[in-house]
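Written out below as structure tokens is the structure these notes cover.
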Amino acid sequence: MTDIADAAVDAPTGPLPPLSVVGRLDRVRAALAALSEDPRPDALVITTAANVRWLTGFTGSAGVLVVAGDRALLATDGRYRTQAAEQLAASGVADDVELCIGGVAAQREALAAVASTAVAVGLEAGDVTWAAVRTWEEVLAPRPLVATQGVVEGLRVVKDPGEIVRMGRAAAIADAALAAVLPLLHDAAGGAVLTESAFAAALDHAMRIHGAEDRAFETIVASGENSAKPHARPGPRVIRAGDPVVVDFGATFDGYRSDMTRTFCIGGAPTGELAEVFAVVAEAQRAGVAVVAPAVVAGDVDRACRDRIAAAGWAERFEHGTGHGVGLDIHEAPAVGAGSTAILQPGTVVTVEPGVYLPAVGGVRIEDTLVVTDNGSRPLTRFPKDVPV
């Protein structure tokens, strides 16, 4: 077993390699040309914030990008006048992306002008409401609108080296933060009063201290019977000796996220049925990780985990997919679940997170974020799984 002191790690610091934004717009154009819809959209209105960022480097909360022919335009408002110009320049696309700063009417006029040569215009179906569709029909008339799915997201599946370095930094920050607050669980084993909410807050603060710009998602801390709820929110329950405690969390660094789950047993090794759950989930997670490699079907990773859990008699207690892609969003393609046909490629980043949840007993989930390499995979999350508390 790894001692608490041995688990302490420091998040790395230092310069980062630049992100390779240049060339991504041309990849969008090629993706549009490969669509089979009729009419086939030869322009795309991009409203998803992560997609706008991936293509331009712009991180503002309000921005629409249109790509049509050899033109691209980013429209935003006066709050981001300086920021948008600086970020386009820093990303190397200032000469490739026109910039419109103004009110809603001016933005729509500029976007429509760029799309005016298009035969049909794609909208990101997963991001626009029915009301937004009606508005875009007016703005882009008479050009027909086409619902598109995953045009940019599909290009984001394989991460480049700059993205992987940032995700590794986010994972290292999370590792260091958990090591910093783990003594609180040790104190709880000795009788100190520690609630789920207090531990979650301490962990979130530690991630900030170690360099995170934000948490990757709402931190999960679930103890005792609450650990049998896969997505329990931390609350006022006091963590006690003998409790299983599921800690599911991640950090965000320069926009990129990490995701990790560790389950601790407070005050010593688990006993009885819970001991078997810990052992089976650990075995299932190792089996899933071992399968992650290039050319592997994502559904096979899920099957490797699920078969181990089913063999132990808990098939019905593994109630979620085995994992998901991670990047600028905490849940991205590819899905790693039953029936997933996605093919893993070098540079794909996925989680492997099997779990078993027994009502009134407790639950166990173990998760790592992995990057697919040329001949297998390597973990980005490295916090040990056998630290006693």
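Some observations on this one:
- Meeting the requirement of 2 or more residues that are not hydrophobic (A, V, I, L, M, F, W, C), the helices (runs of 4 or more DSSP H) wholly within region 2-83 are 24-33, 49-56.
- Residue within region 77-86 that is of a type in the set (D, E, K, R), over 18 Å from VAL45 (Cβ atoms) and within 28 Å of the chain's Cα centre (by Cα) present: yes
- Each residue in region 315-364 was checked for being assigned to a loop (DSSP other than H, G, I, E, B), β-branched (Val, Ile, Thr) and either within 17 Å of the chain's Cα centre (by Cα) or under 26 Å from ASN226 (Cβ atoms) (or both), and 4 pass.
- Pairs where the first residue, in region 289-313, is in a helix (DSSP H, G or I) and the second is basic (Lys, Arg) and at pLDDT 95 or above, C-beta under 9 Å, 6+ apart: VAL291/ARG303; ARG308/ARG286; ILE309/ARG317
- Matching residues, region 117-136, being assigned to a loop (DSSP other than H, G, I, E, B) and within 20 Å of ALA50 (Cβ to Cβ): ALA125, GLY126, ASP127, VAL128, THR129
- Hey, LEU184 more than 15 Å from ASP248 (Cβ to Cβ), outside any loop (DSSP other than H, G, I, E, B) and assigned by TED's automatic domain parsing to the domain that holds ARG257 or not: yes
- Sub-6 Å Cβ pairs linking a first residue in region 91-114 that is in contact (Cβ under 8 Å) with a residue 40 or more places away in the chain to a second residue that is β-branched (Val, Ile, Thr) and surrounded by fewer than 20 Cβ atoms within 10 Å (Cβ to Cβ), at least 6 apart or interchain, are GLY92/VAL22, ordered by first then second residue.
- Residue ID - farthest from ALA33 (Cα to Cα), chosen from residues in region 94-138 that are in contact with a helix residue (DSSP H, G or I) (Cβ under 6 Å, 6 or more places away or on another chain) and among the β-branched types (Val, Ile, Thr): ILE101
- Residue in region 32-50 that is among the hydrophobic types (A, V, I, L, M, F, W, C) and in contact with a Phe, Trp or Tyr (Cβ under 6 Å, 6 or more places away or on another chain) present: no
- Residue satisfying condition, being more than 26 Å from PHE253 (Cβ to Cβ) and either assigned by TED's automatic domain parsing to the domain that holds ALA84 or free of Cβ contacts under 8 Å to residues at least 24 places away in the same chain (or both), within set LEU55, LEU44, LEU65: LEU44
- Some residue of region 212-235 being surrounded by 19 or more Cβ atoms within 10 Å (Cβ to Cβ), basic (Lys, Arg) and at negative phi: yes
- The residues on offer are THR129, THR117, THR148, THR135, and the sole one that is closer than 30 Å to HIS324 by Cα, surrounded by fewer than 16 Cβ atoms within 10 Å (Cβ to Cβ) and β-branched (Val, Ile, Thr) is THR129.
- Members of region 264-284 that are in contact with a helix residue (DSSP H, G or I) (Cβ under 7 Å, 6 or more places away or on another chain) and not hydrophobic (A, V, I, L, M, F, W, C): GLY267, PRO270, GLU283
- Against the conditions (1) within 30 Å of GLY63 (Cα to Cα); (2) assigned to a helix (DSSP H, G or I), VAL146 satisfies every one except (2).
The values are calculated or read from the model by the stated rules, or taken from the named source; none is laboratory data. For clarity, every value in this text was computed on a predicted model and none was experimentally measured. Glycine also receives a Cβ, built like all others from the backbone with ideal geometry; neighbour counts cover every protein chain displayed.
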